[in-house]
Structures are given as C-alpha cells and as structure tokens.
Amino acid sequence: MCGIVGYIGKKEAYPIILNGLKRLEYRGYDSAGIALFDGSDIQLCKTQGKVADLEAKAEKNISLKGSLGIGHTRWATHGVPNDINSHPHYSNSGDLVIIHNGIIENYASIKKELINRGYTFTSDTDTEVLVNLIEEVKKQENVKLGKAVQIALNQVVGAYAIALFDKNKPDEIVVAKLGSPLAIGIGDDEFFVASDASPFIEFTKNAIYLEDQEMAIIRRDRDVKVRKIKDDKLVTPYVQELQLNLEQIEKGGYDHFMLKEIYEQPSVIKDTYRGRLLANEGIVRLGGLEDHIKRFINADRIIIVACGTSWHAGLVAEYIFEDLVRVPVEVEYASEFRYRNPIITEKDVVIAISQSGETADTLAAIKLAKEKGAFVYGVCNVVGSTISRETHSGTYTHAGPEIGVASTKAFTTQITVLTMMALRLAKSKGTLSQSDYMLHLRELDMIPAKVEEALQSDENIKEISKVFKDAANFLYLGRGYNFPVALEGALKLKEISYIHAEGYPAAEMKHGPIALIDEQMPVVVIAINNNHYEKVVSNIQEIKSRAGKIIAVVSEGDTTVKEMADYVMEVPVTPETLSPLVTTIPLQLLSYHIAVMLGRDVDQPRNLAKSVTVE
Ligand code: AGP
C-alpha cells in the first residue's frame, strides 16, 4: 500500500506533489521519490526514508521547476526499502517514468522475456518491469503511450494504480487502476491524480474515482479520457463532488485508523494470498518457504517466538501446524524465551512473528536461536525491517501499514500466512489427504467474503457495546483454535478501553476463574458450531448458573446457544482450522465500540507504542 500523486497544469508541480506525499505518508513511509518535467528533461529524485528526507535531497539535487510531475511514497512489497527500489522508475530509454501502488504477480516471467530482448534492470521491483514492458510495446506496436499502456496492462496479472508520463510528450499523464485506489482531481485548467483526495482537496472538490480495469489519459488544458483497459472502449466518467475533510480522507471516511484497518481485512487477506494461493489449481506457493520445505519437514520441532498479538497468532499456528503438518510446536513469549536458556538444536526450526519487524524481545529471541544453530523463519509485515533481515528466510504479510496501535489486520494476515505455510508443508509431507487439502484451499479462498459478512454485524455489536461499556471486568472463553482468539479479544479490550479482561480456555473456568462470575461479569464465549460445541454449551450453562452475562460468538443459523446467551454475535460457518479468521472480527468490533463509547484515544491508547523497540 503506497501513496501516489501527480499533477499537470499551470502551477509549479513540486510543492503540490510534495505536500500531497506528506498527506499520503500514512499509506507507506519507507522511501519516497518525485519526477518533474522541467520543460526539457525529467528531473528525478528518490530516497530511502520519509518524505522529509526526499524534500531535503530534492532541494539540493534537482531543478524543482515544471508544471508536470509525479510522486510516490512507498510501502515495500517487492525489493527492500533503499534508494534504488524507490519510485519513480525510468524505462531503459529514460523516456518513460512511472509510479505504482500494487503488486504485479507475473513480473518475473515478463522480466525474463524483456532481458532476452536486451533490457536491463537496476532495481528488484515489479514496477521497473512494468515500465519497460510498456516501452517495449510502444516500440513494437509503434503506438502512443496510452495505447501502449492499455496493451501492456492486458499482459500483467495483479493489482495496480499507476501514473506515468513520456518526456517526449509532456502534455499528458496516463493513469490506470486495478485493485488499488486512484482518484483524479478536476481543477480549473489543471488535473491531479492521487491514491485518495487528500493531496488535492484544497484545490478542487471535483473528483473522478477510477473503477477497476479503467485507465485515463489526462491532457494538459484539455480533458480526461477514461477508457476500459480490456477493450479500450471510452467510458463517461462520473465526476463526484467531495464531502469529506482532510482527516476524514486519510482515515478513508472512518472515525479511526483502527476501524478502517478492521474493515480492510477482507482486501488485505486477499492481498496476502494473492499470487500465493491458487485454490482451483491446488497450489500454495510461498517464495521464502520453497527452498526450505525439507528443513521444516525434517525438523524435530517448530518453536514460535513473538509478543502480544503476534504471540496469539503463533498460538493459532500451533494448532494448525500440529493438526495439518503433524510436527510438534512450542509457542514462546520472546521476552521469556531469550532469558530462559532454552534447549535449541540445529534440528529445530524457529518461526518469529512480528508486525513491525522491530520488536526488541523478538529480535533477541531470533539472535539466540541463530546462535544455537536453529533455522529461523520470519513472518513480518514491514519489508526490510530488522527482523526480516535477521531471519534466514521468511514471508511477508501484505496488510499494508497498520497505524492503529491495537493490531487487527496484522493478526488476520499473520494467520493467513501461517495457514498457507502449514498447507504447503502438509502437501509435501503427505499429512493431509488430497480432498482435505483442496477443501482447505477453497475455504481459505472464501475467507475474505466471510470476513466481509462478519463485519455486517457491526451495528448489532455496537448495541451490545452500549450495554457493557461500564463493566469493570470481562472474561473471554474459547476452546481449541479459538482459545487464542479469546486471549486476543481480551487483549484488544484491555489495550484500548482500559477495562480489565482475561482470556481462558473455556474448560479452565472450573479450575478457578469461575469464582469471578456473578451478574456483573460479562463473559464473551466463542461458541461456534464445531467439534467443541457441546462442551462449550455446558460451559455456558455453568456460567448461567452463576448469573454471568453471556455474549456468545455463534455460527450463522445457531439456535441452541442463541436461546441460552444474553447476546449473540453471528459469524459465517467456517471449518475449525480457519475459524479464528472470522471469530476474531466481532471481538475486534466489540472492543472498538466500547473504547469509543468510553471516549478513549482508540488509535493512540495510553502507555502503548505501535512498535516496542526496547525491552
Ligand atoms: C497489539 O495490539 C499490540 N500492539 C502489541 O501487543 C503488539 O502485538 C506487540 O507489541 C508485538 O508487536 P509486533 O507484532 O510488531 O512484533
């Protein structure tokens, strides 16, 4: 998830683009770049770091003149954050320059073909491959830039929002969209392009939001021609008048980044398995894992190290790996593991899970495991982060920047990656029947739609939150795969509402916590229809008999628990192994609404940091 900005008009483009990039920095902040046309040539400057670093470098190194330009703030997916991989990227001739937000899945095969035709590449990015493909088409077909873009985009698979221009035709910008957002601002004799309207809201309230599979040729002092990428057909664009203010735009119209990130889960789970899960072909392919399958399969055990919410994702993975791959798994708090003098051998595989990739305790646990000869695999969300560099190999979640301190979409994308890893390993180890394997792939492919459905209970959950917002304590109960989800639900409530909450395996109640139950104690029970159902029903009866208030997460169509519980939050029916991906959604929303109703600073809760880089 990067931020892209472009301008063509009468004003100086530099200040507009720079300010626009600052507005979009919440979308990605590991490198930034700008390309301006100064009337005779392209002035390009890019750097690893924040937009402020770009500003400092550009003002020293390039002419800032010109009324045509494009700019980019990056959230790396392909190629670590550094100057070379930053955008914009030139084509080999230097005539074309492009910025891109998204992932080109088949870039490796296109790159190979272009290298055979004599093209060279300076970066590791999929974007540099795309601009050279456009250049090659333009040359071979002898067509204008717009047509070349249309033809080239029909050869790529993936998601993109792109903007590019040709220094030989500096009176137009060409843009295109599939899967990533792109807005065009219609000003007086000037045009803006951006990932959202925040870069141009103060200049114009008239905007066109391109639809998927659409492209536009924006010509200086003239117009915007929108076309379908598939068949080049002209489209009459809908120009809407913007109602949102700046802050609202950055949060996508949501009141908080946390709520926005909760609602982003269907698309980021899809982004996380894009090009990795081909359910119909029965393929799971994780670049970082392929060369180490044997190491995992022959491992004595898998040790998972992490902190906080990532540790809860690790607990879910314990159930998945032991169930599907039949390998012993231990889940360790990184902070304890690093000082416990644990027994680790080179026959062990360690999986380190971290959203930020900078958590000090997890980093130290990695270093210790490596010293003792274990193979260390990372599951991270930040490309190029310290943990991604320290581990021997790994897989990135593609959750995009997670701004809210309370982790939500990182949790579900971590579970998505860990599930794909387990399925890939089970396939090679033969610990899963072909029919079960295919069933899991198809079910995983349906998860984004099921999460979308679970989000539709939001209003109902808001009503439940009103009832319990003044509770002094909460208990969360789950069994099997949903015990970690109970822990995660309790953590979410604690960290943003400041209400004391504890998660427990439901059966553990009788061994102590049941003493806490009375009519003041709300108990959230994950009671979905799976092989623990009957046991959970009797746990609910035990709580009811002590007057506890039951808020139950139930499967669609459930009747039994519905009659017993005081309140229910429904989720779509999902196989046990994948159920944490949907059961966690109502718990995220419950904690969010209660915290908002208590007037908490939901995105920046007290005493907490997004990344704990000190021990
Ligand atoms: C979760 O909502 C918290 N922000 C916190 O527990 C977090 O999960 C923990 O600090 C681990 O962070 P990491 O995933 O970036 O390593």
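The values are calculated or read from the model by the stated rules, or taken from the named source; none is laboratory data. Model, not experiment: these values are computed from the prediction. Cβ coordinates were reconstructed from backbone atoms using ideal geometry, including for glycine residues, and neighbour counts include every protein chain displayed. Protein only, heavy atoms only, side chains kept; ligands, DNA and RNA dropped before computing areas. Shrake-Rupley method; radii C 1.70, N 1.55, O 1.52, S 1.80 Å.
For the chain, the antiparallel share of DSSP beta bridges with both residues in that region comes to about 60%.
Modelled spin-label separation between E508 and D470, with each label point placed 7 Å from Cα along the Cα-to-Cβ direction: 3.1 nm. Summarised in one figure, the compactness ratio Rg/Rh of the range 3-248, Cα atoms and Kirkwood Rh, is 0.93. Full extension of the chain between D53 and Q240 gives 63.9 nm of extra length, using 0.36 nm per residue less the Cα-Cα distance. Using θ = phi - 60° in the Karplus curve 6.51 cos²θ - 1.76 cosθ + 1.60, the 3J(HN,Hα) couplings for the range 307-315 round to 9, x, 5, 5, 5, 5, 5, x, 5 Hz; x is entered for Gly and Pro. Over the range 456-604, the fraction of Cα-Cα pairs per 5 Å bin, rounded to whole percents and listed from the shortest bin up, is 2, 11, 22, 26, 22, 13, 5, 1.
With both labels modelled 7 Å from their Cα along Cα-to-Cβ, the E463 to D518 distance reads 3.0 nm. Length, then width, then depth: along the principal axes, the Cα atoms of the range 349-435 run 40, 34, 18 Å. Taking the C-alpha atoms only, the angle from helix 483-497 to the longest principal axis of the chain is near 70 degrees. In the range 103-190, Rg over Rh equals 0.98, where Rg is the alpha-carbon radius of gyration and Rh the Kirkwood radius from pairwise Cα distances.
The lysine pair tally for the range 456-604, using Cα distances under 20 Å and a gap of 8 or more places or different chains, is 21. So what does log10 I(q)/I(0) come out to for the range 417-479 at q = 0.14, 0.23, 0.25 Å⁻¹, using the Debye formula with one equal point on every Cα and no solvent? For the range 417-479, the Cα-only Debye profile gives -0.67, -0.98, -1.05.
Just the protein heavy atoms count here, and of the accessible area of the range 3-248 at 1.4 Å, carbon and sulfur take up 48 percent.
Once the Cβ-Cβ distance of D231 and T559 is raised to the sixth power relative to R0 = 35 Å, the FRET efficiency obtained is 0.10.
Coupling constants for the range 232-239 follow from the phi torsions by the Karplus curve (6.51 cos²θ - 1.76 cosθ + 1.60, θ = phi - 60°), and in residue order they are 6, 5, 5, 10, 7, x, 9, 8 Hz; glycine and proline get x. In this structure the amide hydrogen of K11, modeled in the peptide plane, comes within under 5 Å of no amide hydrogen from residues 5 or more places off or on another chain.
The equivalent ellipsoid that matches the C-alpha gyration tensor of the range 1-103 spans semi-axes of 19, 15, 12 angstrom, in descending order.
From largest to smallest, the equivalent ellipsoid semi-axes obtained for the range 264-363 from the alpha-carbon gyration tensor read 25, 19, 12 Å. For the range 490-543, the list of GluC sites (Glu not before Pro) that fall in a loop by DSSP and count at most 14 other C-beta atoms within 10 angstrom reads E519. Below 13 Å, Cα to Cα, which aspartates and glutamates can K167 reach? Residues fewer than 8 away in the same chain don't count. Those aspartates and glutamates meeting the cut-off are D38, D41, D95, E135. Normalised Debye scattering of the chain at q = 0.05, 0.07, 0.11 Å⁻¹ gives log10 I(q)/I(0) of -0.24, -0.46, -1.07, counting only Cα atoms as equal scatterers and leaving out solvent. Sites listed here are trypsin sites (Lys or Arg not before Pro) in the range 157-236 whose DSSP assignment is loop and whose Cβ has at most 11 other Cβ atoms within 10 Å: K230, K233. With distances taken between every two different alpha-carbon atoms, the range 391-447 has a Kirkwood hydrodynamic radius of 12.9 Å. Phi angles of the range 146-153 translate, via the Karplus equation with coefficients 6.51, -1.76, 1.60 and θ = phi - 60°, into HN-Hα couplings of x, 5, 4, 5, 4, 5, 5, 5 Hz per residue; Gly and Pro are given as x. Here is how the number arises for the chain: DSSP H runs of 4 or more residues each give -39500 (n - 2.57), the sum is divided by the residue count, and the result at 222 nm is -11000 deg cm²/dmol. Per atom type, the range 267-455 shows carbon and sulfur on 48% of its accessible surface, probed at 1.4 Å. With q set to 0.15, 0.16, 0.27 Å⁻¹, the log10 of I(q)/I(0) for the range 363-404, from the Debye formula over equal scatterers at the Cα positions, is -0.38, -0.42, -0.90.
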